[in-house]
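These notes concern the structure reproduced below.
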Amino acid sequence: MKTEESGLFQDLKHDLKIRIEEAEKEATDQYDLVEKNDENETREKLFIARSKVVKGFDKDLDKAHDWIIKNYGAEYWRGGKWYPRVWMLRDKRIAATIERYPIVEILNFIDKESRFKKGQSYKDMVEIADRVTGGKKYMAPKGPCDFASFLVETDDFYRRIRKKVGYSQVYIQKFMQSFCECGILIKLGKVDRHGGMLYADGYYTQWGDKLVKHLFLTSEKHKQALRTFRPKGISVIYSIYH
């Protein structure tokens, strides 16, 4: 059954067609294609004109997507999975890495540990992080921010993540270690002598009356790390369930 197109999608298609028509007309006039009447040259010049328009249009769509994520990230991803990001899939080497290792599954679990915090749950998260770090904040471009932190306790955290992703505790711990080494995670410290380890995978900023989570993992900082990613001591994927 054919999916009904939204009005916005129809407007975007119409806008692209108009841009293409205008580019073709401009190329026709610029290179006197009508007067030359050279079929091969006409085909080539019009193709190039369309290509420039389509690529520019696609870049604008990417910018629009990035703007939505930046300003309405919580609404966009609520209930969904944050990974894999588009830039991960577009990079062939990163796409191969996330196909080889369960990076996406582990990162999605970790992301939800500190996402959607508000009210008392947010206050509790900040209070624990402040106690562990002595009040240290993450120094973002716009100033100090609260860590998006989560507690890793052997009995609880690894039981839940093992059940979710299907890999052994030792295997997952090697990924956690590798994530810390390349800056995807920050180890904040031990909660207490008998408690677990507190980690952060990002930080929070205030946007209007909303809290927005920003990840340490970005394309600018971690593309190369993900291209060559290989947890220490791991050569073959293994699981206690498989």
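The values are calculated or read from the model by the stated rules, or taken from the named source; none is laboratory data. The shown structure was predicted, so the numbers you read here are calculated from the model rather than taken from an experiment. Every residue, glycine among them, receives a Cβ derived from its backbone with ideal geometry; neighbour counts consider all protein chains shown.
Results, tabulated for the structure shown:
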{"read-out": "Criterion: touching a Ser or Thr at 6+ places or on another chain (Cβ under 7 Å) and at pLDDT below 95 - qualifying residue of Y199, Y167", "value": "Y167"}
{"read-out": "Residue check for T205: free of Cβ contacts under 8 Å to residues at least 12 places away in the same chain, among the polar types (S, T, N, Q) and surrounded by 13 or more Cβ atoms within 10 Å (Cβ to Cβ)", "value": "no"}
{"read-out": "Top-ranked residue in region 106-125 [being crowded, with 17+ Cβ neighbours inside 10 Å and either more than 14 Å from the chain's Cα centre (by Cα) or not assigned by TED's automatic domain parsing to the domain that holds V152 (or both); ranked as nearest to D156 (Cα to Cα)]", "value": "E113"}
{"read-out": "Residue in region 106-128 that is in a strand (DSSP E or B) and either free of Cβ contacts under 8 Å to residues at least 24 places away in the same chain or polar (S, T, N, Q) (or both) present", "value": "no"}
{"read-out": "Region 152-209, subset under 22 Å from the mean Cα position of the chain (by Cα) and of a type in the set (D, E), residue nearest to V126 (Cα to Cα)", "value": "D201"}
{"read-out": "Flag for Y167 being surrounded by 14 or more Cβ atoms within 10 Å (Cβ to Cβ) and over 23 Å from R100 (Cα atoms)", "value": "no"}
{"read-out": "Selection status of D146, within 16 Å of L215 (Cβ to Cβ) and surrounded by 11 or more Cβ atoms within 10 Å (Cβ to Cβ)", "value": "yes"}
{"read-out": "Scope region 78-88; condition surrounded by fewer than 13 Cβ atoms within 10 Å (Cβ to Cβ) and at pLDDT 85 or above; matching residues", "value": "none"}
{"read-out": "Residues satisfying the stated conditions in region 24-35, i.e. loosely packed, with under 12 Cβ neighbours inside 10 Å, part of a helix (DSSP H, G or I) and either more than 43 Å from the chain's Cα centre (by Cα) or at positive phi (or both)", "value": "D29, V34, E35"}
{"read-out": "Residue, surrounded by the most Cβ atoms within 10 Å (Cβ to Cβ), within region 176-194, restricted to residues that are of a type in the set (A, V, I, L, M, F, W, C) and outside any loop (DSSP other than H, G, I, E, B)", "value": "F179"}
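Rundown of residues vs (1) modelled with pLDDT under 95; (2) touching a His at 6+ places or on another chain (Cβ under 8 Å); (3) β-branched (V, I, T), yes/no style:
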| position | (1), (2), (3) |
| --- | --- |
| I48 | no, no, yes |
| D60 | yes, no, no |
| A74 | yes, no, no |
| D91 | yes, no, no |
| S114 | yes, no, no |
| E127 | no, no, no |
| K137 | no, no, no |
